Amino acid sequence: MGLSQSELLDIADKLDKAEATCTPIESLVDTYPGMEEKDAYQIQWIIASRALRAQRHLVGYKIGLTSLEAQKHFQVYEPDYGHLFDSMLINEEGEIDLTQLIQPKIEGEIAFVLGRDLRGPGITPFQVARAVEFVTTSFEIIDSRIKNWKITSKDTIADNGSSARFILAGQKEKLEGLNLAHLGLALYKNNDVVVTGSGGAVMGNPLNAVAFLANTLAKHDRFLMEGQVILSGSIGGMVSMQPGDHFSVEIQSLGRVSTRCKGR
Amino acid sequence: MNKQEIAEMLRNAVLTQTPITQVSRNEKVFSLTDAKEVQAMGLQLALEAGEALCGYKMGLTSKAKQKDVNVFEPIQGYLLRSFEIPKAGVVKMNTRIHPRVEPEVAVVLKKDLRGPGVTLRDVVNALEGIYPALEIVDSRYENFIFKLEDVVADNTSASGFMVGRVNLLAELNSLNLMGILVRKNGRIVETGAPAAVLGDPLLSVMYLANSLAEESKSIPAGVVVLTGGITQSVSFEMGDRIEVEWPQEVLSFTAE
């Protein structure tokens, strides 16, 4: 049945307000049991178009639900995506201000920057590889605007893939000669290794995730543009963050990036 | 029950594939020292039965594994020749209770490493080879649930291992971030990197050398040291196909 236009606008308002005031809201699916996946994406797009009107710039996308573990958890066997705006980018060596976030978690990912447009449908991982300008190590900081992370996949889609901040490493590597599936990752929290993984955790190979994104955007007449950043999906899982915590993540051949949490 | 009886009970559990109740649940006092003695007695029983010692294994060296069993310090066990699984092999289910597999780094030394005071540099200087490996763990306790003392007495759940052919020594600098995939029947179920083992699996060897020194023993040249699980352990059933994919080599087996 789905939701009415006024309900969609209403939910977008609530999510915007939750983010602006750092006050989480109840699960959308609990409040609006009729919500469908397409409603959730419409809500995300309403929020994204408001951001554009507020002079923020779309710099790329994040892909989520890319691991078998996460898909099993949500009982949804397809990835999702969210929008990345310039306001979410933290520069290398920058700090994460936790006072602006609700219940953040951090994860390590392979980030892609495109050297040319990618327009689906029918995009293969090989076409993705040809369009990639460089890959690098990245942090994504996710932060659900839903209370206690009690989310379904529809909640997180409406909530921009729970995305909040991202950081890219300084190193930039060409794809040639790299097998992304076998690049190992180690995430350090206060100098202890707390997560490891390998690129294959992302749909067998992160190139598959980018192809999925290009083809999914095509269904709505959109495409990936030269220069856009794509965070391809969590490798190994997420870690919660507290003020004073120091994090670094390193991926084989792609370099390392570090950050510190301040606040509260 | 005295320690010798506990050792015999655990060996019997291996031989009959019958899980037992945790020792710590039945014994009022069962210390870590007691548990180590039970493990040594178990080794003695195996040697008397004609088995041969061929190496050591480290356990609970990764945060994931520590979380798995809720125990937060590394432990060690021994490897018997009979544990070795032929390459591209078969893992027999009828000699095991509820086995699980985990990818590991195996280390072989070219000279004895005798503690105390062994440093990481000493380990590096003693290296003959570093190999992709996998370990089969199979707790002799019901439901794979145990306390630290229980698992130490049970030879840290050691049950089987496979060591690859490719020596990674020349790639030592990139070892910690080699990306490893574990597939079960073709699907990726775990991924990880050797950094999961204490940040550097060679630290595991250092720890073992210094720990053996407390019993006036060394790590002999040529034995296999399994440095610790890189991912959470993956359970498997009869008929399952397991593949542990390193960038350089795939180790695989079928459970029969």
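Brief remarks follow.
- The lysines whose alpha-carbon is closer than 30 Å to the alpha-carbon of B:Lys92, local same-chain residues fewer than 8 away aside, are A:Lys72, B:Lys3, B:Lys36, B:Lys57, B:Lys63, B:Lys65, B:Lys67, B:Lys147, B:Lys184.
- Between the C-alpha center of the range B:75-127 and that of the range B:232-256 there is a gap of 17 Å.
- Relative contact order [Cα under 8 Å, 6+ residues apart], the range A:57-262, whole percent: 33 percent
- Rounded to the nearest 100, the interface formed by chains A and B buries 1400 square angstrom of accessible surface, both chains summed, with a 1.4 Å probe.
- Reducing the range A:127-159 and the range A:2-69 to their Cα centroids gives an inter-centroid distance of 13 Å.
- Proximal charge balance of B:Leu169 [Cβ under 15 Å; K/R count +1, D/E count -1]: -1
- Legend: distances between Cα atoms for A:Lys105/A:Lys174; A:Lys17/A:Lys150; A:Lys172/A:Lys219; pairs beyond 25 Å are A:Lys105/A:Lys174; A:Lys172/A:Lys219.
- J(HN,Hα) series, the range A:201-208, from Karplus relation 6.51 cos²θ - 1.76 cosθ + 1.60, nearest Hz, glycine and proline x: 4, 8, 6, x, 6, x, 4, 5
- Basic side chains Lys and Arg get +1 at the Cβ, acidic Asp and Glu get -1 at the Cβ, and with that the dipole of the range B:3-255 about its Cα centre reaches some 300 debye.
- Summed over the residues of the range A:57-262 and divided among them, the accessible surface reaches 37 Å² per residue at a probe radius of 1.4 Å.
- The residue among A:Phe112, A:Tyr81, A:Ser234 whose Cα reaches farthest toward the positive pole of the charge dipole of the range A:57-262, with charges on the beta-carbon of Lys, Arg, Asp and Glu, is A:Tyr81.
- For residues of A:185-193, the mean tally of beta carbons on other chains within 10 Å: 4
- Prolate/oblate/rounded call for the range A:58-117, Cα gyration tensor, a/c under 1.5 rounded: oblate
- Taken about its Cα centre, the range A:139-223 carries a charge dipole of roughly 240 debye when the Cβ of each Lys and Arg holds +1 and the Cβ of each Asp and Glu holds -1.
- For chain B, adding -39500 (n - 2.57) for each run of n ≥ 4 DSSP H residues and dividing by the number of residues yields -7500 deg cm²/dmol at 222 nm.
- Diffusion coefficient of the range B:48-181 by Stokes-Einstein, Kirkwood radius over Cα pairs, 4 °C, 1.567 mPa s: 79 µm²/s.
- Whole-angstrom Cα spans of chain B along principal axes, big to small: 50, 45, 35
- Positive dipole terminus of the protein assembly as shown, leading residue within A:Gly170, B:Pro99, B:Gly89 (C-beta point charges): A:Gly170
- Rounded if a/c under 1.5, otherwise prolate or oblate - the range B:111-222, Cα gyration tensor axes: oblate
- Build a GNM of chain A with springs between Cα atoms under 10 Å apart, and of A:Asn91, A:Asn208, A:Asn179 the one that fluctuates most is A:Asn179.
- Cα centroid of the range A:74-102 to Cα centroid of the range A:169-226, whole Å: 15 Å
- The Rg/Rh ratio for the protein assembly as shown is 1.02, where Rg is the radius of gyration of the alpha carbons and Rh is the Kirkwood radius.
- Projecting the Cα atoms of B:Ala46, B:Gly115, B:Ala126 onto the dipole axis of chain B, where Lys and Arg carry +1 and Asp and Glu carry -1 at the beta carbon, places B:Ala126 farthest toward the positive end.
- Cα-centred dipole magnitude for the range A:57-262, charges only on beta-carbon of K, R (+1) and D, E (-1), debye, nearest 20: 340 debye
- Computed over chain B, relative contact order equals 28 percent, with contacts defined as Cα pairs under 8 Å that lie 6+ residues apart.
- Carbon plus sulfur fraction of accessible area for the protein assembly as shown, probe 1.4 Å, in percent: 49 percent
The values are calculated or read from the model by the stated rules, or taken from the named source; none is laboratory data. These numbers come from a predicted model, not from an experiment. Methodologically, a virtual Cβ is constructed for each residue, glycine included, from the backbone with ideal geometry; neighbour enumeration extends over all protein chains shown. Ligands, DNA and RNA are excluded from the accessible area calculation, which covers all protein heavy atoms including side chains. Shrake-Rupley method; radii C 1.70, N 1.55, O 1.52, S 1.80 Å.
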